[in-house]
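The structure under discussion appears below in the form of C-alpha cells.
The values are calculated or read from the model by the stated rules, or taken from the named source; none is laboratory data. The shown structure was predicted, so the numbers you read here are calculated from the model rather than taken from an experiment. Ideal geometry is used to build each Cβ from the backbone, glycine not excepted, and the neighbour counts take in all protein chains shown. Please note that ligands, DNA and RNA were not included when accessible areas were found on the heavy atoms of the full protein model with its side chains. Shrake-Rupley method; radii C 1.70, N 1.55, O 1.52, S 1.80 Å.
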Amino acid sequence: MKVNGRDVCILLAMSNSSPIAVLLKQRSVDELEAMRAKAAEAMQGAKAELQMIEDALAEKRPKQKRQRTRRGDTKKRILGFLADAAEPVGPAEVRDALAATGEPVGSSAVYNTFKRLHDAGEIERVDEGLYKLAARNGHRAKEIGGPEPLSMASATPHEGQT
C-alpha cells in the first residue's frame, strides 16, 4: 500500500471470514505455496535489510566511555548522601541524586553497595526499600563527614552529679 508516495506495509489481524481469507481459500495449493515462498523470501530480505540498518545505526552512535572510579568511591558517595538525608532513602533515589551531580553511578553498583553496607551493619533498613545510617554512637561520624562524637570527658555533668 502507498501512503504519501511511500510503500507502507500494514499487518491486519484477520479472521477466517475476512475478504482476503475468503479469496485465499479459493486459490489452488500450488498458487498458495508459490505465494508463501514469495512472502518468505520477502521476509528474509526485510530481516537482512533491518540488520544492516541496525548495524549502520550502531556505527553512527557515539561510543560511551565508562568512567573509572576509585575503589570505595561509590561507597563514600552513598554514605555521604545518607548522612545528609533528612529521612530514610532508597537505592533508586540515591542513584538518581548521584546522577544529577554529573557523575552517575550504575544501578547495579548502587544496589550492590547498599547490600554490602547493610550486611556490614553500616546502614539499616527502616522500611521496605528505605535505609538510613546505622546508629554507631558516633564512631563512624568522622569517616562519613558527620559531627564528631561527644567524649565522656567533654560532657557536662547533670545537676546533682559530681
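Would you confirm whether any residue within the stretch 132-155 is at pLDDT 90 or above, touching a Gly at 6+ places or on another chain (Cβ under 6 Å), farther than 14 Å from Arg77 by Cβ and part of a strand (DSSP E or B)? No, the stretch 132-155 contains no residue that is at pLDDT 90 or above, touching a Gly at 6+ places or on another chain (Cβ under 6 Å), farther than 14 Å from Arg77 by Cβ and part of a strand (DSSP E or B). Please tell me if Glu59 is open to solvent by less than 100 Å² (accessible area, probe 1.4 Å), out of contact with any His (no Cβ under 6 Å at 6 or more places or on another chain), charged (D, E, K, R) and at pLDDT 70 or above. Against the criterion (open to solvent by less than 100 Å² (accessible area, probe 1.4 Å), out of contact with any His (no Cβ under 6 Å at 6 or more places or on another chain), charged (D, E, K, R) and at pLDDT 70 or above), Glu59 does not qualify. Evaluated against (1) part of a helix (DSSP H, G or I); (2) surrounded by 10 or more Cβ atoms within 10 Å (Cβ to Cβ), Glu124 falls short on exactly one condition, (1).
Is it fair to say Lys115 is part of a helix (DSSP H, G or I) and either open to solvent by 50 Å² or more (accessible area, probe 1.4 Å) or of a type in the set (Lys, Arg) (or both)? Steps first, answer last, please.
Details: part of a helix (DSSP H, G or I): yes; either open to solvent by 50 Å² or more (accessible area, probe 1.4 Å) or of a type in the set (Lys, Arg) (or both): yes.
Considered against the rule, which asks whether it is part of a helix (DSSP H, G or I) and either open to solvent by 50 Å² or more (accessible area, probe 1.4 Å) or of a type in the set (Lys, Arg) (or both), Lys115 comes out as yes.
Would you call Leu32 part of a helix (DSSP H, G or I), closer than 30 Å to Pro104 by Cα, open to solvent by less than 100 Å² (accessible area, probe 1.4 Å) and at pLDDT 85 or above? No: the conditions fail for Leu32.
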